[in-house]
Every structure is written in structure tokens, then in C-alpha cells.
Amino acid sequence: MSVHSKHQPKTAFGAAVARTEEVVIALLLGTMVVLTFVNVLLRYVFNDSLIWGLEVVLVLFAWLVLFGMSHCFRITAHLGVDALVNTLNPDGRRIAAIISALCCVVYAALLMKGAWDYYAPFAGLDATTGRWFPTGLAETRDQAWYETDQIPMLDWLRWLEPLFNQGESYEKVPRLVVYLILPVGALLLLVRVIEAAIGVIAGHRESLIVSHELEDDLDSGALHKD
């Protein structure tokens with residue numbers, strides 16, 4: 001049984017969310033490939049290039065990673081080392097999985113706070129106070145006027161100017177757009193990790209990693225090839 005088939009959504013809403021995640025990931029990856037191919041073609045055939053192409057690919061790659069990490073928690077696709085855990089008895093493995101899940105929840109919550117505190121100034125918002133967990137809001141210097149280096153401003157994003165840039169025009173895409181994936185990705189990760197932790201505690205899943213399941217998949221694939 002494959003990893004993906006063991007973690008299918010159980011509701012129509014869950015299936016729609018899962019499908020949306022997969023489509024977004026495919027679009028990000030496909031756009032990166034197309035832009036890279038076009039830029040290589042322009043450079044070596046026409047002695048030209050899309051000057052903003054590399055920066056867009058870097059942004060899309062960051063979006064792909066930060067968006068994809070939560071998706072991998074949903075389908076249990078993150079790799080891990082379970083050599084020590086596999087030496088434990090079933091009760092010991094369950095306890096280890098629960099502790100790992102709770103640690104991941106704490107880490108995801110810390111990451112969410114850090115992501116928001118980093119992003120907030122670029123959207124003209126306030127970062128949180130508190131070293132580890134939010135205890136309030138702190139007055140933060142407005143950095144909403146920061147722009148990307150080379151990505152040209154898109155007309156359909158002009159509505160951002162009166163809201164975030166005091167009516168001034170953006171020449172390049174503002175960083176508040178490209179950095180948006182930080183709080184969004186961290187929030188999605190926190191939600192998925194909480195779901196995974198609940199699944200482990202409830203006994204619906206054995207762990208948060210795929211290493212031992214991947215071995216089974218590879219063995220199964222080898223048998224099918226033979």
C-alpha cells in the first residue's frame with residue numbers, strides 16, 4: 001500500500017483542499033520550469049533574457065518549499081530517521097510518536113510567531129511582543145514601501161498602493177506580496193502538524209515520517225517490476 005493511499009481525505013471539503021494544494025504545487029513547479037527554460041532559450045539562442053526571471057524563480061521556489069512542507073505533513077511524506085524508534089515495542093513507538101508530534105506543534109507555533117514578526121513590517125502591520133509566544137503587539141516601523149529588485153509591478157496589484165503605500169506608486173512588486181507565503185506557509189504548517197498530532201494521539205497514524213513506509217513502497221515496486 002502506498003503512502004498516499006493511506007492518507008486520503010475523508011470528506012468532500014478535505015478532498016477539495018487536498019486537490020487545491022496539489023494544483024498550487026504543480027503550478028508553482030511548472031511555472032519555475034517554464035521560466036527557466038525560456039530564459040535559457042533567450043540567452044543562448046537570441047542573446048537576450050528576462051531580467052526578472054531569476055528573481056521570480058527564486059520567489060516561486062521559496063513558495064514551493066514553504067507551501068509544500070505542510071502538504072507533506074498531510075500525506076506523511078517527510079523523511080526521517082526511525083532506526084532507534086523501530087527498536088522499541090509498539091507502546092514505546094506510540095509514546096515516541098506522540099512526543100515527536102507535540103514537539104512539532106510547539107516548533108510550528110514558534111515558526112508561526114517568527115514568520116509573522118518578520119512579515120508584519122513589510123505589510124505595515126505590527127509585530128508581536130514576547131520572546132517565545134505572542135504577548136501583545138509592538139509598534140513596528142512601516143516597511144511596506146520595500147520593493148523587489150527586478151520583478152515589474154503588475155497592474156492588477158495596483159489596489160495595494162492606497163492601502164499599504166499611502167497612495168504612492170510601486171515601480172516593482174512590493175515585498176509584502178512575495179513575503180506573504182511566510183505567515184501563510186507557517187499557518188498551514190501549524191494546522192497540518194496539529195492535525196497530524198491529533199491523528200497520532202487518536203491512533204489513526206503511527207508517525208509523522210515516511211522512512212519505514214518508503215522502504216515498503218520501494219520493496220513493493222521492485223516486486224512489481226520483477
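The values are calculated or read from the model by the stated rules, or taken from the named source; none is laboratory data. Just so it is clear, the model here is predicted, and its values are computed rather than measured. Don't worry about glycine lacking a Cβ; one is built from the backbone with ideal geometry, like all the others, and counts go over all protein chains shown. What goes into the accessible areas is simple: the full protein's heavy atoms, side chains included, and nothing from ligands, DNA or RNA. Shrake-Rupley method; radii C 1.70, N 1.55, O 1.52, S 1.80 Å.
Couple of notes before you dig in:
- Comparison of 12, 18, 62 shows that the only residue that is modelled with pLDDT under 90 and surrounded by 13 or more Cβ atoms within 10 Å (Cβ to Cβ) is 18.
- Residue list for region 164-183, restricted to those being surrounded by 12 or more Cβ atoms within 10 Å (Cβ to Cβ) and either of a type in the set (Phe, Trp, Tyr) or without any contact (Cβ under 8 Å) to a residue 12 or more places away in the chain (or both): 164, 170, 179
- Selection of region 133-145 for residues being surrounded by 11 or more Cβ atoms within 10 Å (Cβ to Cβ) and either more than 28 Å from residue 107 (Cβ to Cβ) or without any contact (Cβ under 8 Å) to a residue 12 or more places away in the chain (or both) yields 137, 142, 144, 145.
- Condition check for residue 93: in contact (Cβ under 8 Å) with a residue 12 or more places away in the chain and either open to solvent by 80 Å² or more (accessible area, probe 1.4 Å) or within 21 Å of residue 152 (Cα to Cα) (or both): yes
- Residue in region 41-62 that is in a loop (DSSP other than H, G, I, E, B) and within 30 Å of residue 107 (Cβ to Cβ) present: no
- Residue check for residue 33: under 23 Å from the mean Cα position of the chain (by Cα), open to solvent by 40 Å² or more (accessible area, probe 1.4 Å) and at pLDDT 90 or above: yes
- Any chance residue 159 is hydrophobic (A, V, I, L, M, F, W, C) and more than 25 Å from residue 192 (Cβ to Cβ): yes
- For residue 141, the criteria (1) over 23 Å from residue 61 (Cβ atoms); (2) part of a helix (DSSP H, G or I); (3) among the basic types (Lys, Arg) hold in every case but one, which is (2).
- Selection of first residues in region 104-132 that are of a type in the set (Asp, Glu) and of second residues that are part of a helix (DSSP H, G or I), restricted to Cβ pairs under 8 Å at least 6 apart or on distinct chains, gives the following pairs, ordered by first then second residue: 126/120.
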